[in-house]
Ligand code: GLY
Ligand code: MN
Ligand code: MN
């Protein structure tokens, strides 16, 4: 079987002309202060095309006679540095993981580039200029592009990002299996929350049961900072303080996800702190659940994100109208004030934006909610869905969701 990263580079190069080049940086660690650094997160686009996660690497692609030639630049890390921070990727390892044609030490990058630019009469060089998500890598793209522009004003500089994005939007089988892995670890973390949730705990204390279980189960980290929002806190969509005491009778909204092998889960569940929903909480919960199920039912290739937003709103509106909370559709925005979901993958809010038509191979979230401040109730239910040829598959279907399942599990398993 062909190496997946090579296959991706070949697909990418179908957007390039013979002789065109493309340069992508993995990025470098960012300093916090003094001798301390943020944990390094490689440029996802670089990872997507190489399978490599180390810092200070450069991928150089050139299209030659319709084929793609890939050169990887790596650090030649001195022995005394290795004693402090460990080794970086070695030449043979890099070739075996990414199937690049050659590996060269990074100090030779600019002389290599100069030679190739001089070979071309009207050279075109692509960079990954995605401003929003890859600032750390972007700095290096911009720096390199500026250097080229000064030295060779005739070089045509272009942005490759849109083409990488179009590839990343559609997940291959390997990626789907990795997303499933992240979801499964998230499921274990959620079960551990349910076993240990009690009134009078602090939100950060119950958060720690998720943290422990996903780490114990091999997660590499978090897809994002967990949201653990009890009672009225849950009406703040991105509440991350997690420092309030959970009251008896509160619902607690959890929005969390593990990252495993670079792929992510993004799940929301809302549980009663004491294991039992009040009648009112149950009523509102079931309106959200019904809207979520209606949206999921409608997912298939060809449907648009705005179609699904409409289905969510219509069902939330009808539900709230039925219980007398609102009288017309305009009032819904007081209680539901976000979109239905987003693409998911290497990034939690993955490449592809918010306004798209569904295609086979996309993985999306469906996450309607209701946020009723005057009643101290915030509920969101979020699942991760694969778009298939004929419809969809709920990748997170193994995570407890109905009122009966939640109450039953908490009754039997609460510590
Ligand atoms: N956890 C952020 C989101 O659901 O989009
Ligand atoms: Mn979420
Ligand atoms: Mn989400």
Contour minus Cα-Cα distance for residue 154 and residue 142 (0.36 nm per residue): 2.6 nm
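Could you give me D for the range 217-323, from Stokes-Einstein at 25 °C and 0.890 mPa s, where the hydrodynamic radius is the Kirkwood radius over C-alpha pairs? Units µm² s⁻¹, please. Intermediate values should be presented prior to the final figure.
Working: Rh = 15.8 Å.
Rounded, D is 155 µm²/s.
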Nearest-0.05 FRET efficiency for residue 278 and residue 331, computed from C-beta distance (R0 22 Å): 0.45
Surface/4 of the Cα convex hull for the chain, nm²: 23.4 nm²
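Can you give the Kirkwood hydrodynamic radius for the range 274-391, in Å, rounded to one decimal and based on Cα pairs?
Details: mean 1/r = 0.0672 Å⁻¹.
About 14.9 Å, per the Kirkwood formula over Cα pairs.
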Alpha carbon centroid spacing (whole Å) that separates the range 270-287 from the range 160-186: 34 Å
C-alpha center-to-center spacing [the range 62-132, the range 340-415] in angstrom: 39 Å
Label point distance in nm, residue 107-residue 122, each placed 7 Å from Cα along Cα→Cβ: 3.9 nm
Proxy reagent accessibility, fewest Cβ within 10 Å first, across 247, 313: 247, 313
Globularity index of the range 1-64, i.e. its alpha-carbon radius of gyration over 2.2 N^0.38 Å: 1.36
107, 279 arranged by Cβ crowding within 10 Å, fewest neighbours leading: 279, 107
Residues residue 40 and residue 172, FRET efficiency given R0 of 22 Å [Cβ-Cβ distance, rounded to 0.05]: 0.30
Order of 329, 187 under a 10 Å beta carbon neighbour criterion, fewest first: 329, 187
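Above 26 angstrom, tally the Cα pairs of the range 1-160 and express them as a % of all pairs, no decimals. Display every interim value, and only then the final one.
On the way: 3241 of 12720 pairs.
So the portion of pairs separated by more than 26 Å is 25 percent.
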Scattering profile of the range 112-233 at q = 0.15, 0.16 Å⁻¹ [log10 I(q)/I(0), Debye over alpha-carbon scatterers]: -0.84, -0.89
DSSP beta bridges in the range 19-127 [antiparallel fraction, %, rounded to 5]: 65 percent
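Can you give the calculated 222 nm mean residue ellipticity of the chain, where each DSSP H run of n ≥ 4 adds -39,500 (n - 2.57) and the sum is split over every residue, rounded to the nearest 500 deg cm²/dmol?
Details: 12 runs with 156 residues, N = 415.
My calculation for the chain gives -12000 deg cm²/dmol from helical runs alone.
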Computed FRET value (nearest 0.05) for residue 373 with residue 11, which takes r as the C-beta separation and R₀ as 51 Å: 0.60
Mean projected area in nm² (Cα convex hull; one quarter of hull surface) for the range 199-246: 3.4 nm²
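If packing is taken as the average number of other Cβ atoms within 10 Å across a peptide's residues, how do 268-275, 395-402, 113-120 rank, most packed first? Please list the in-between numbers first.
Numbers: 268-275: 21.9, 395-402: 17.1, 113-120: 13.5.
Put in order of decreasing packing, that is 268-275, 395-402, 113-120.
Read-outs: derived from the displayed coordinates by stated rules, not from any lab. Just so we're clear, the structure is a prediction, and the values are computed from it rather than from any experiment. In this analysis, Cβ positions are derived from the backbone assuming ideal geometry, glycine residues included, and neighbour counts consider all displayed protein chains.
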